[in-house]
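Novice: One structure, pasted below without further comment.
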Ligand SMILES: NC(=O)c1ccc[n+]([C@@H]2O[C@H](COP(=O)([O-])OP(=O)(O)OC[C@H]3O[C@@H](n4cnc5c(N)ncnc54)[C@H](OP(=O)(O)O)[C@@H]3O)[C@@H](O)[C@H]2O)c1
C-alpha cells in the first residue's frame, strides 16, 4: 500500500517511539491524527512539526483505558479526516508488579491500557476500514510477550494478549484489512532504570546496544508499505534479546 496521502492514527504519538512512528509516516506524506493523554504540549508541537512537513495534522486527547474514550477517539478522527487508513496501537503503560504484590488496580491499569483500549479501538477502526475496503493496523507489543519478565507479569500478559489480538483480528478483518504486530526489545529504556540495570540489559542483548525509535518506525513502514502480503505476523525488533534467553 503506497502510504502517501493516507491518514494515520498513532496512539501515544506525542513522545518517544510513537512520535518517531508519526514523524516517519508524516515524512512519507501521511496525514496525522496525533493522540495524547497527558503530553499536551508535546502533542501540539508534533502537530506543528507535521504541518511544516506538508501534511494535515490534528491533536486528539483520550484516556484509552476507558472504552468510551477509545471509541470516541475513533469517531472524532473519522469525522475530522473522513477515514483512517493506518492505526498504530502504540500507547501503553509499563511498571513493575512483582508476584505477591500485584494489586487488582495494577492489573486493571495494565490490562485496560495495553489490551482493552487497543482492542476496542481496533474493533471500531478495523470495521470502518473493512467497510471502506482497505486499511492496516499495527499493534506494538513487546519481546517480553514471548519471554515474560518475572517482575512484570501483568504487563507481559497484556502484551501476550496483544499478540493473540493481532492474529485474531488478522483473520476477522481479512482480506480488506491487514493486522500485524511489532515486538520491540530494548529501544528506549525506562527513564528510571539504574546504570547497573542498563548494563545488564545490554549484556543480554547480542547486538550489545539498544535500538532506536527509528528502528520501530522503519518496521511500521515496512508492514504498511513494504509488502501487502503480510498479515497476522509478529516482527521482533530486539537486537537479538529474545534469542539470548
Ligand atoms: N521503550 C522500549 O524500549 C520498548 C520496549 C518494548 C516494547 N515497547 C512498546 O513500544 C510502545 C512505545 O514505547 P514507549 O516506551 O515509547 O512508550 P511510553 O513512553 O511508555 O508510553 C507511550 C505513551 O502512551 C500513552 N499512554 C499511557 N497511558 C495511556 C492511557 N491510559 N491512555 C492513552 N494514552 C496513554 C502516554 O501518552 P501521554 O504521554 O500523552 O500521557 C505515553 O506517552 C509501547 O507499546 C511499549 O510497550 C517499548
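Here, each number is a calculation from the coordinates, and none is a lab measurement. Model, not experiment: these values are computed from the prediction. In this analysis, Cβ positions are derived from the backbone assuming ideal geometry, glycine residues included, and neighbour counts consider all displayed protein chains.
Novice: Hey, what angle do you get for helix 67-81 against the long axis of the chain, alpha-carbon based, 0 to 90 degrees rounded to 10?
Specialist: That helix lies at roughly 40 degrees to the long axis.
Novice: Using only Cα atoms and rounding to the nearest 10 degrees, what angle (0 to 90) does helix 117-132 make with the longest principal axis of the chain?
Specialist: 30
Novice: In cubic angstrom, how much convex hull volume per residue do the alpha carbon atoms of the chain span?
Specialist: 119
Novice: Between residue 203 and residue 99, what is 0.36 nm times their sequence separation minus the Cα-Cα distance? Round to one decimal in nm.
Specialist: So the chain would gain 34.9 nm between residue 203 and residue 99.
Novice: Also, quick follow-up: How far apart, in nm, are the 7 Å Cα→Cβ label points at residue 176 and residue 146?
Specialist: About 3.3 nm separates the two model spin labels.
Novice: Sticking with this one: Kindly provide the pair-distance distribution of the stretch 112-245 built from C-alpha pairs, with 10 Å bins from 0 and whole-percent values in order of increasing distance.
Specialist: Bin by bin from 0 Å, the calculated values are 12, 39, 33, 13, 3, 0.
Novice: Ok, one more. In what order do 212, 92 fall by count of nearby beta-carbon atoms within 10 Å, going from fewest to most?
Specialist: With the fewest neighbours first, 212, 92 line up as 212, 92.
Novice: Tell me the relative contact order for the chain as a rounded percent, counting alpha carbon contacts under 8 Å between residues six or more apart.
Specialist: After rounding, I find 20 percent.
Novice: Between residue 228 and residue 49, what FRET efficiency follows from the Cβ-Cβ distance if R0 is 41 Å, with the result rounded to 0.05?
Specialist: Efficiency at R0 = 41 Å is approximately 0.90.
Novice: So which residue, out of 185, 208, 135, gets the largest mean-square fluctuation from a GNM of the chain using Cα contacts under 10 Å as springs?
Specialist: In the Gaussian network model the winner is 208.
Novice: Using the basic label-point model (7 angstrom from Cα toward the beta carbon), what is the residue 38 to residue 196 distance in nanometres?
Specialist: 2.8
Novice: Between the stretch 21-39 and the stretch 114-185, what's the alpha-carbon centroid distance in Å?
Specialist: Computed from Cα coordinates, the inter-centre distance equals 19 Å.
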